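Data first, discussion second: the structure below is written as structure tokens.
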Ligand SMILES: C[S@@+](CC[C@H](N)C(=O)[O-])C[C@H]1O[C@@H](n2cnc3c(N)ncnc32)[C@H](O)[C@@H]1O
């Protein structure tokens, strides 16, 4: 099996084991990825974190557009996805760690990273405990540069009030052309 099919199969097999952690049977479509990443200003994106890269569908797109001196730190809970990404996506700008998005502060501190320019999220906020969700949102806000952005996609709109409570502005979009139609949110801080 080639790397792409291998990734799709690995993703689907984990959906049947942990549906709440994955939220979807199939990785994100290119339409969803394009919409989600549309706000990114690649010329100033030097430090990026990704929550829940899965088999790397969004990760690869980020790497394709990132500057040569930019860095991407991907936090993924599932060890099989971590091993798969380390094996399949060889790029010195990428580091994949087996950590929860809730541990962002620790992950940044260990790497001596200051604030980040973009946090990109594919983790299912509506199926995780509310304490973890709130912690991830607060940590993200705390570690974003003042001009930084938090870009999120979700299959339900349930997280919106929590995003609106945590960030200063939240813009919303909707993408139909995905296995499950998805909401996209662009969360920013006041200047
Ligand atoms: C819907 S999948 C998204 C995969 C990929 N980003 C995509 O768009 O195709 C959600 C991913 O988030 C991971 N995940 C769930 N909760 C997480 C958390 N708290 N921290 C890090 N990863 C998490 C799951 O293991 C899974 O890989």
Exercise for the section: Could you check how many residues of the stretch 62-82 are more than 10 Å from the ligand (Cβ to nearest atom) and farther than 14 Å from residue 121 by Cα? Expected result: 9
Exercise for the section: Specify which of the listed residues (40, 55, 49) is within 15 Å of the ligand (Cβ to nearest atom) and at pLDDT 95 or above. Expected result: 49
Completion exercise
When the stretch 96-114 is checked residue by residue, the ones that are surrounded by fewer than 18 Cβ atoms within 10 Å (Cβ to Cβ) and part of a helix (DSSP H, G or I) are 103, 105, 106, 109, 110
Handout entry: Selected residue [under 19 Å from residue 172 (Cα atoms) and touching a helix residue (DSSP H, G or I) at 6+ places or on another chain (Cβ under 8 Å)] from 137, 104
Key = 137
Practice task
Just one of (1) buried (at least 21 other Cβ atoms within 10 Å of the Cβ); (2) free of Cβ contacts under 8 Å to residues at least 60 places away in the same chain; (3) more than 9 Å from the ligand (Cβ to nearest atom) trips up residue 93, so point out which.
Solution key: (1)
Practice task
Please verify whether the stretch 167-184 includes one or more residues that are on the phi > 0 side of the Ramachandran plot, assigned to a loop (DSSP other than H, G, I, E, B) and surrounded by fewer than 19 Cβ atoms within 10 Å (Cβ to Cβ).
Solution key: no
Practice task
May I ask you to verify whether residue 137 is part of a helix (DSSP H, G or I) and touching a strand residue (DSSP E or B) at 6+ places or on another chain (Cβ under 9 Å)?
Solution key: yes
Handout entry: Counted residues, the stretch 106-125 - those being touching a residue at least 40 places away in the same chain (Cβ under 8 Å) and farther than 23 Å from residue 41 by Cβ
Key = 3
Practice task
Scan the stretch 157-168 and give yes if some residue there is under 19 Å from residue 113 (Cα atoms) and modelled with pLDDT of 95 or more, otherwise no.
Solution key: no
Exercise for the section: Among what's in the stretch 140-166 and is buried (at least 21 other Cβ atoms within 10 Å of the Cβ) and within 12 Å of the ligand (Cβ to nearest atom), pick the residue that is farthest from residue 49 (Cα to Cα). Expected result: 154
Fill in the blank from the handout: In the stretch 3-37, residues that are in contact with a strand residue (DSSP E or B) (Cβ under 9 Å, 6 or more places away or on another chain), modelled with pLDDT of 75 or more and part of a loop (DSSP other than H, G, I, E, B) total 2
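The values are calculated or read from the model by the stated rules, or taken from the named source; none is laboratory data. Please read these numbers as outputs of a predicted model, since none were measured by experiment. Cβ: placed from backbone, ideal geometry, glycine included. Neighbour counts: every protein chain shown.
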